[in-house]
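Working notes for the structure below.
The values are calculated or read from the model by the stated rules, or taken from the named source; none is laboratory data. As the structure is a prediction and not an experimental result, all values here were calculated from the model. When we count neighbours, we look across all protein chains shown, and the Cβ atoms used for this are built from the backbone with ideal geometry, even at glycine.
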Amino acid sequence: MTKLTAVQKAGLMEELSGLKRFSVSLTGDSHDADDLLQLTVERVLEKGMPRDAHVGKWAYRVCRNLWFDELRAREVRSRHVRAEMAGNGEQSISSADGLARLEFERAGEALGLLPEEQRSVLLLVAVEGRSYAEVAEILDIPIGTVMSRVARARRSLAEKLA
């Protein structure tokens, strides 16, 4: 990989608003999204990309991969916290905020249980508002694959959250 050319840097700048929306759709939180966007841009600028890589596709993949790394790290921390809470007997939830947070976590966990391929296309289509054709181009997969992955992801989420 090589450092970014001026053309690639300009292309990255053009992708920032879309990457921001994608980051928000992945994280569900504007602060986490800001951090994720910053990490994505830093990583792309620091590590570079192949000269023949499409800037948008590359940046979205870097963003998605960084978020999955963060989710794995959070899962490890979450297991530790749950184990501590179970040991202390602090399992009750006393407020509506706590219940809403649990529902959000439940949805996030269900989303996290989806295979990566389904999760990424669902986020790009349903949350980011990208067309199937755009998602196919970003992820470099056939449009039919995008359509089937979105359908399977939606069906799986509905079953998990029913």
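Which of the residues that make up segment 25-57 are under 16 Å from ALA6 (Cα atoms) and assigned to a helix (DSSP H, G or I)? Result: VAL41, GLU42, VAL44, LEU45, GLU46, LYS47, VAL55, GLY56.
Here segment 30-70 is the region considered, the condition is being among the small types (Gly, Ala, Ser) and in contact with a helix residue (DSSP H, G or I) (Cβ under 7 Å, 6 or more places away or on another chain), and the residue that is surrounded by the most Cβ atoms within 10 Å (Cβ to Cβ) is ALA59. Check segment 1-17 and report whether any residue there is among the acidic types (Asp, Glu), part of a helix (DSSP H, G or I), modelled with pLDDT of 90 or more and not assigned by TED's automatic domain parsing to the domain that holds VAL121. Yes; the residues of segment 1-17 include at least one that is among the acidic types (Asp, Glu), part of a helix (DSSP H, G or I), modelled with pLDDT of 90 or more and not assigned by TED's automatic domain parsing to the domain that holds VAL121. Evaluate the following for GLY89: is it touching a helix residue (DSSP H, G or I) at 6+ places or on another chain (Cβ under 6 Å) and either surrounded by 14 or more Cβ atoms within 10 Å (Cβ to Cβ) or modelled with pLDDT under 90 (or both)? No.
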